[in-house]
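See below for the structure under consideration.
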Amino acid sequence: MPPVHRAGTSEDSVTVGGVVLLHGHGRTAGSMRSLARGARNAGYATLAPSYGWRGLSLREIVARVDPLIADFETKQAGPLHFVTHSLGGLVVRAFLAMRRPAQFGRVVMLAPPNGGSELADLLYRIRLDRLVLGRVGPHLRTGRRAEDEALLGTVDFDCGIIAADRPIDPIFPRILLPWPNDGKVTVAATRVQGMHDHIVLPVSHTLMVHDRRVVAQTMAYLERGAFRR
């Protein structure tokens, strides 16, 4: 079972809704613990499911998390928000294209490959895509097939995006990816038509989920629908 934490259990606290946290490629729910802690401190209940991305397609990942989210949703008195990292941004897009929660709130995406990643393209060229990317690979490419793009739907919801531009390795990301990038996804590729706000922070793709500035900006967007500047 995924970790579910309830906020608002004392007389002095109030549950303001729920937050579903969807992790990135090759990660687990544990990678979202800093964001989950920030959400709970802000009064939200949290759900952080893990999904076995390697053997599943994007559609199958959505099918796996859907019943968990549905059960979590029934326990919330307030709106249901989503916070995602990397691949999780595509998961929530596909999920919302299939089903929209009754009390749907806001979405914050961290470094989402909305436009794909040139690193995925490279892995396809050297035929390591299935080994490294698994069955979600087609959705991580910059040139998606029409049917893969259609699965993601359109961003017609309240969405804020946090991009990163400080890769851990200062050399190879400048060679392999257009600049600026976070080591895996370019800043340009994080953008998507329909987003409400976009901000770039000096953090890396992998470590941004633990950065205090990222957590603070995420909570700010969930609260007010805009990042702080």
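The values are calculated or read from the model by the stated rules, or taken from the named source; none is laboratory data. Note that the structure is a prediction, hence the values are computed from the model and not measured. In this analysis, Cβ positions are derived from the backbone assuming ideal geometry, glycine residues included, and neighbour counts consider all displayed protein chains. The area values use the complete protein model at the heavy-atom level, side chains included, leaving out ligands, DNA and RNA. Shrake-Rupley method; radii C 1.70, N 1.55, O 1.52, S 1.80 Å.
Some observations on this one:
- Subset of region 179-195 [within 25 Å of Glu223 (Cβ to Cβ) and open to solvent by 20 Å² or more (accessible area, probe 1.4 Å)]: Arg191, Val192, Gln193, Gly194, Met195
- Within the option set Ile69, Ile61, being modelled with pLDDT of 95 or more and touching a helix residue (DSSP H, G or I) at 6+ places or on another chain (Cβ under 6 Å) holds for one residue only, Ile61.
- Candidate set from region 19-59 (those that are polar (S, T, N, Q) and part of a loop (DSSP other than H, G, I, E, B)); member that is most open to solvent (accessible area, probe 1.4 Å): Thr28
- Every residue from region 206-229 that is closer than 17 Å to Gly88 by Cα and either touching an Asp or Glu at 6+ places or on another chain (Cβ under 6 Å) or open to solvent by 30 Å² or more (accessible area, probe 1.4 Å) (or both): Thr206, Leu207, His210
- So Val203, is it out of contact with any helix residue (DSSP H, G or I) (no Cβ under 9 Å at 6 or more places or on another chain), open to solvent by less than 30 Å² (accessible area, probe 1.4 Å) and at pLDDT 95 or above: no
- Highlighted here are the strands (runs of 3 or more DSSP E) found entirely within region 76-178 that include at least 1 residues which are of a type in the set (D, E, K, R) and either in contact with a Cys (Cβ under 8 Å, 6 or more places away or on another chain) or open to solvent by 60 Å² or more (accessible area, probe 1.4 Å) (or both): 104-110.
- Filtered residues of region 65-75 (kept if open to solvent by less than 10 Å² (accessible area, probe 1.4 Å) and charged (D, E, K, R)): none
- Filter pass, Ala189 being modelled with pLDDT of 95 or more, in contact with an Asp or Glu (Cβ under 7 Å, 6 or more places away or on another chain) and under 17 Å from Gly24 (Cα atoms): no
- Meets criteria (at pLDDT below 95, in a helix (DSSP H, G or I), out of contact with any helix residue (DSSP H, G or I) (no Cβ under 6 Å at 6 or more places or on another chain) and of a type outside the set (Asp, Glu)) for Arg213: no
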